[in-house]
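**Q** Before I ask anything, let me first share the structure, which is written out below as structure tokens.
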Amino acid sequence: MTTPIGKPPLDRKTLIDLGFIEARAKVLDVAAFLDRLDRAPATDVMTDFRVDAIRAALVIALDASPARAERILNSWSDPSTQPIAHADGKAARGAHLPR
Amino acid sequence: MYIDPHIHMVSRTTDDYARMAAAGCVAVTEPAFWAGFDRSSAAGFQDYFRQLTESEPRRAAAYGIAHHAWICINPKEAEDHGFAREVMSMIPAFLSRPNVLGVGEIGLNRNSKTELAVFEEHLEIAAQHNSLVLIHTPHLEDKLKGTRLILDAIAAHGKINPARILVDHVEEHTVRMVLDRGMWAGMTLYPDTKCTAARAIDIMEMHGTERIWINSAGDWGHSDPLAVPKAVVSMRARGHTAADIHKISFDNPRAFLSQSGNFSVNAPRPTIS
């Protein structure tokens, strides 16, 4: 790689100019998603593990430590280590269901 | 000029071939995968493998794109062990076809015991035929655990040179463990469920450009067959050099894939079928 590993070629101000509007839109989308859930008619389930996972990820996104994306992905991951007996369907859910 | 080393062209229109050629695509490789429904018989795979090795190369050649294939039963259809073994028995006959690069995309989907057993049997087929291996890692919350299970299974099997294995769909939390084992890592550019171009470029900036490539994994789902050239545009905007862009989008896939004598960036002369 012609630029040092770990360092983006562009400086912080240029990266903000390049990425701010897209990041702004994504933050608004998350906020609007949570608002939408608040407005929706309640069901008998008070909470959803996937929404809890997003709320937990937002805390990570706001902290001052590096590798936020990696730590969020880890927080959503199945922490078990052994293969499961049988596949329960083909599709993953996006966040680990606490047991 | 670029290579898309993972794309499911049987699910794409001929217009996509035209657009990819116009964007500079010279070669694609197409792993065997799940059709969106479970095939009802092993004979369905026989026809699918013929499509990958006979029909699709002709369709690509019409646009000057060299088409290559990987053969396997995808982990999403591997939960029935007997059925999977019936399909796996067909693989050796197709590995000798001129556009086939190896066994793939094998791996895990939900990290079940049967998926893992079928994965290990695929590894043995690859070892017996000295084939390259293209590995699918699971989706979303299953990826971290599945990648660890896959890497441990490869180490326990021990018969395949890690430099001949590409582990695909890596993200921030799995890329380092793949590279540290001496394997190649693929980043899939998906709108929602894998890497965006912006994050893939972040990963390159953090981990370098050795033994790493980008692909679209375009298929019948939410995906973009032009994801690689769009990522190239993003790399330019992020200040990356032409040399680094060429390395990630052309040199690296060519280096890995050329370990199979069947890989070429030169499409065969188009034929009328």
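**Q** Kindly provide the set of residues from the range B:1-30 that are part of a helix (DSSP H, G or I) and in contact with a Lys or Arg (Cβ under 8 Å, 6 or more places away or on another chain), ordered by number.
**A** Matches in the range B:1-30: B:MET9, B:THR14, B:TYR17.
**Q** So B:THR271 clears everything in (1) surrounded by 15 or more Cβ atoms within 10 Å (Cβ to Cβ); (2) at pLDDT below 95; (3) not aromatic (Phe, Trp, Tyr) except one condition, right? Which one?
**A** (1)
**Q** Just for helices (runs of 4 or more DSSP H) wholly inside the range B:37-125: which have at least 3 residues that are in contact (Cβ under 8 Å) with a residue 40 or more places away in the chain and away from chain A (no Cβ under 14 Å)?
**A** B:42-50, B:56-61
**Q** Quick check on this structure: which one of A:LEU15, A:LEU10 is touching a Pro at 6+ places or on another chain (Cβ under 8 Å) and within 23 Å of B:MET204 (Cα to Cα)?
**A** One residue alone meets the criteria, A:LEU15.
**Q** Within 21 Å of the chain's Cα centre (by Cα), modelled with pLDDT under 95 and loosely packed, with under 15 Cβ neighbours inside 10 Å: is that true of B:HIS222 in this structure?
**A** yes
**Q** Need pairs with beta-carbon distance below 7 Å; first residue surrounded by 14 or more Cβ atoms within 10 Å (Cβ to Cβ) and within the range A:46-60, second among the basic types (Lys, Arg); sequence gap 6+ or separate chains.
**A** Pairs found: A:ARG50/A:ARG93; A:ILE60/A:ARG68; A:ILE60/A:ARG71.
**Q** Give me a count of the residues in the range A:83-99 that are surrounded by 10 or more Cβ atoms within 10 Å (Cβ to Cβ), part of a loop (DSSP other than H, G, I, E, B) and not small (Gly, Ala, Ser).
**A** 6
**Q** In addition: Quick check on A:ALA31: is it at the interface with chain B (Cβ under 10 Å from one of its Cβ atoms), aliphatic (A, V, I, L, M) and part of a helix (DSSP H, G or I)?
**A** no
**Q** Is one or more of the residues making up the range A:55-65 touching a helix residue (DSSP H, G or I) at 6+ places or on another chain (Cβ under 6 Å), of a type in the set (Lys, Arg) and either within 11 Å of chain B (Cβ to nearest Cβ) or under 19 Å from A:PHE33 (Cβ atoms) (or both)?
**A** no
**Q** Moving on to the next point. With the condition kept exactly as written, say whether any residue in the range A:39-48 is small (Gly, Ala, Ser) and away from every other protein chain (no Cβ under 14 Å).
**A** Yes, the range A:39-48 contains a residue that is small (Gly, Ala, Ser) and away from every other protein chain (no Cβ under 14 Å).
**Q** Residues of the range A:66-97 being more than 7 Å from chain B (Cβ to nearest Cβ) and at pLDDT 95 or above, which ones?
**A** A:PRO66, A:ALA67, A:ARG68, A:ARG71, A:ILE72, A:SER75, A:PRO79, A:GLN82, listed by residue number.
The values are calculated or read from the model by the stated rules, or taken from the named source; none is laboratory data. Note that the structure is predicted; figures quoted are calculated from it, not measured. Positions of Cβ are generated from backbone atoms using ideal geometry, with glycine treated the same way; all protein chains shown enter the neighbour counts.
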